[in-house]
1. Please state which one of 390, 361 is in contact with a helix residue (DSSP H, G or I) (Cβ under 6 Å, 6 or more places away or on another chain), under 18 Å from residue 214 (Cα atoms) and not in a loop (DSSP other than H, G, I, E, B).
2. Test residue 81 against the criterion of being touching a strand residue (DSSP E or B) at 6+ places or on another chain (Cβ under 6 Å), at pLDDT 90 or above, under 28 Å from residue 181 (Cα atoms) and not in a loop (DSSP other than H, G, I, E, B), and give yes or no.
3. I'd like to check something: does the stretch 61-71 contain any residue that is free of Cβ contacts under 8 Å to residues at least 60 places away in the same chain, in the same structural domain as residue 19 (by TED's automatic domain parsing), in a helix (DSSP H, G or I) and touching a helix residue (DSSP H, G or I) at 6+ places or on another chain (Cβ under 6 Å)?
4. Scan the stretch 153-178 for residues that are over 30 Å from the mean Cα position of the chain (by Cα) and in a helix (DSSP H, G or I) and jot them down.
5. Which one is nearest to the chain's Cα centre (by Cα), of the residues in the stretch 419-439 that are over 14 Å from residue 394 (Cα atoms) and free of Cβ contacts under 8 Å to residues at least 40 places away in the same chain?
6. What are the residues in the stretch 213-241 that are modelled with pLDDT of 50 or more, assigned to a helix (DSSP H, G or I) and exposed (fewer than 14 other Cβ atoms within 10 Å of the Cβ), if any?
7. From the list 343, 324, which residue is out of contact with any helix residue (DSSP H, G or I) (no Cβ under 6 Å at 6 or more places or on another chain), farther than 20 Å from residue 420 by Cα and in contact (Cβ under 8 Å) with a residue 12 or more places away in the chain?
8. Please enumerate the residues belonging to the stretch 145-160 that are within 13 Å of residue 111 (Cα to Cα) and either crowded, with 16+ Cβ neighbours inside 10 Å or outside the structural domain of residue 173 (by TED's automatic domain parsing) (or both).
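The values are calculated or read from the model by the stated rules, or taken from the named source; none is laboratory data. Here the structure is a predicted model, which is why all the values come from computation and not from measurement. Quick reminder, even Gly has a Cβ in these numbers, built from the backbone with ideal geometry, and neighbours come from all protein chains shown.
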């Protein structure tokens, strides 16, 4: 049991924080605890299960997390919990050194709740698969975040921190709300004008207290898209094509000025016709290119049909009451001439120490693999012991005889050592596939800490 000392007195108590992995609203609580040297016990907690239990609903009837349990009672709502932790050590100064400072910190926390959290989550949740994507809402959210960055950039022009001359709960609260947007959505082009915000953010996230909770924050190089958003990009070529008629008009205007004879008018008519044909040729080119760029798996389905139907397997897996029966169906129908089984082991397991960050790693991998969902099935798993060693392993069924299409569509796949299961698949490999696809562990003698199914 972890313990901490309250206000440098001899009194001690055990406090527990109930939260799901990677919850950004819990970050400010845990980072404040790092600054104030407050030890918090974090029980294993599964959102959608534990928060609906009678025991948890007795703590918070709304079923929301995070929830802090103290010897004096339960505290709900993340801002209230963060304030409680920040106030435990007045000498550290997270909640300000004067009443005025505390009031200004409160104003920033309220601003974060009203003006930052909402657009940040509206922009991020569709990407994480929590909500459906809506283009109007996403654009409005990004515009609102732009206004937030403009305000912060102006405010921080001659300031290092939001309140006073040291890090406060105001800095912690706003910075932790911006971590995921800056990691997944707000790319270099977006960040470029806001040098003061990025300087301030870099200062914070590189503090040991931040790193202990959220690890190293890597900025988004390319904006991560929600599943199915690719269709919105087609509007850009359409806008380019809409400019072509203007060029036609300019060409037609120039030709009559250059030559007036009647005999040459037919030539003028032919010329536009040729140009029109050229223009017409220009218009189908994208379609032609699309056909050229048709995904290899689509071509494979046409040229080398397979007896194994992926949709049927995914429905069988999803609806089964007995995974052994489902796997019997799989092996009976598996077509090794049209499909391959690969094991992937993460190359940088030695860098993995924090479970929620590793869960984000495999969650991001799955999100980036949407392009080939029709031809891919498998699981991403984390095993080991948090704080000591974590191992990420995946088992994937993929169309064809190569893992390269997965690497082509998802750069993260290059960070794995891929091993193709030999055919015919041995009983030992079949049991490993079952263990990774269907069981809750242990996985190769180690606890299964997290598992995501890609289907």
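1. Step by step, each of 390, 361 is checked, and only 390 is in contact with a helix residue (DSSP H, G or I) (Cβ under 6 Å, 6 or more places away or on another chain), under 18 Å from residue 214 (Cα atoms) and not in a loop (DSSP other than H, G, I, E, B).
2. Yes, satisfied.
3. No.
4. Answer for the stretch 153-178, where residues must be over 30 Å from the mean Cα position of the chain (by Cα) and in a helix (DSSP H, G or I): 157, 158.
5. Step by step, filter the stretch 419-439, then rank; the result is 431.
6. Within the stretch 213-241, 230 is the sole residue that qualifies.
7. That would be 324, the only listed residue that is out of contact with any helix residue (DSSP H, G or I) (no Cβ under 6 Å at 6 or more places or on another chain), farther than 20 Å from residue 420 by Cα and in contact (Cβ under 8 Å) with a residue 12 or more places away in the chain.
8. 145, 148, 149, 152
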